[in-house]
Amino acid sequence: MLVPVLLQLALIVFLVGLVILLWNLHTIVAAVSSAFTGLLFLFLLVVTGLPSYRWDCCYRAPQALLVYTIVRTTRNKITDLLQWCIKVCSVHTSNRIFIVRLCWSTLQQCCGMLSRAPKYPTWQAQERLDLRKQSGALNIETAITAYYTTLDPLCLDRMRISLSGEADAPLVPCLRALDVGIGNGTIAPAALLKQNVSGRLSSMVLTALRQMLTIDSSNRDALWEPTVQRLFSMCTVMVPGEQLPHNELISKTAFYIAMQTTSTENLYTALNYLATAVNVDSSVPCDYLTVSRVLSAAEQWIEQRQLSGSAQQSASIAPQNNIVAFYIVVHCMLCVMTGKTTIPAPERDHFESLCARACGALSSLPSFLPTGEALLNGLPHGNESLCNTLSFGLQLLLGPLTRLSQSMDASNLVHDTPLIHEDVVDKLEYVWGTAEAVLRPTARPPGLSPSLGPETTFPRSRLSITARLRVLQDDVNSLFPQFFGPILVTV
């Protein structure tokens, strides 16, 4: 590395001496030579310093490496110094004197703004990063060419394995190149399905979906949500009429989608998949481990929404998503209470803990339901769209919830652990009464008027919780013939 630098210095010294000699011999020749020499020096200066600030610069000579080392060391030392200054300033920002506190706070903010720039990596680390970015397209083209050349289904497995660890989800472009429908269109071309590669293709799609979830939220574009929705739909049904089994990996992926997505459609799809995994009326078997994991997923989603403060906001936009989460909790307990899921002997001592977890989740249901103000927003007729959505969600939830209450009443497994509190039933009765007042004004309960005043619950009935839920379920179900009309039965 030293020899090229010495050659550059020798060239500079030679040209400087030549220009000095020409100025002593002939001014016109010297002026022309000085102009060309200055342009050459400017070119050398640019190509030497440019790689320190532009990673895609192709002029990476040894002298450029030397300049980059100096710039990197200086910049990183200054960043460390600024971070040290921030720590020092943070100690003095609590000073009692206002002027002193203001000066230290201003200095801390200035140092913080200047230290936000990331540290420079080493030359080798930056080259590896650049090569990895530039090799992505080449790797995809090579993998696709290998498959179309050999038409060997094993190439799909090799493609998935070789590209699974790459950044920026390279398997998604591979699926597009294979004419697998990420956007509109069919799921897979007929030529591909004829080769009996649905199993390999489903693994590839699932890996591509998990790659999409690893993309940082700040780097997700407008196509991220539609792509995730399409990939997850393909994961559940790869071939028309063929349903993939519920397994741990797909359930975990659905949970990650529910935790990360901001799309109402993706959230509903993910939660609905988890719900089908523990549906007590489904013919798909469901073991205790699946019930426990799905219940934990629903608990974490509910807790995350409560901590972020978005529960009430989502309840005023798409309450059916919130209701599906509690639908999952109810079905998890129904699987255990009805005997569909057998509790293993080592886990029987933890059944009380399972009931306590479900009780804690169900007790937060009132905070996930829309308020009376949201349901009545848009007077004089109220928010009919939100009321319709809520009524469909309540029809989905009240049936299993009533069954769970009946099972708990008839069961000897739980003694002093009520899963469904009266506060939950009170809130359900209130939101349904408000929604019914908007959807069926003539059936408005006495004393309930569509006003924007504070919420007031109905007086508690002397009926049991199960009886109240059954009455509420019948009342909600009676609304739906009004929408769909009478059902004609042809004999």
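The values are calculated or read from the model by the stated rules, or taken from the named source; none is laboratory data. Please read all numbers here as calculations on a predicted model, not as lab measurements. Cβ: placed from backbone, ideal geometry, glycine included. Neighbour counts: every protein chain shown. Just so you know, the surface numbers come from the protein's heavy atoms only, side chains and all, with ligands and any DNA or RNA stripped out. Shrake-Rupley method; radii C 1.70, N 1.55, O 1.52, S 1.80 Å.
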Requested in this report: Heavy atoms only, probe 1.4 Å: what % of the accessible area of segment 54-125 goes to carbon and sulfur, would you let me know?
Outcome: 66
Report task. Calculate one ³J(HN,Hα) per residue across segment 62-71 by plugging θ = phi - 60° into the Karplus curve 6.51 cos²θ - 1.76 cosθ + 1.60, and present them in order as whole Hz with x for glycine and proline. Result -> x, 5, 5, 5, 5, 5, 4, 4, 5, 5
Query raised in the report: Which order, highest average first, do 385-395, 89-99 follow once you tally other Cβ atoms within 10 Å for each residue and take the mean per peptide?
Result: 385-395, 89-99
**Report entry** Where segment 38-160 is the region considered: accessible area per residue in Å², 1.4 Å probe
**Finding:** 69
Report task. Using a 1.4 Å probe over the heavy atoms of the protein chains, calculate the carbon and sulfur portion of the accessible area of segment 195-336 as a whole percent. Result -> 51
Query raised in the report: So how do Ser164, Ser314 rank on accessible area, 1.4 Å probe, biggest first, that is with the largest at the start?
Result: Ser164, Ser314
Report task. Considering the options Thr122, Phe98, Thr142, tell which one lies farthest towards the positive end of the dipole of segment 88-152, charges being +1 on Lys and Arg and -1 on Asp and Glu at the Cβ, about the Cα centre. Result -> Phe98
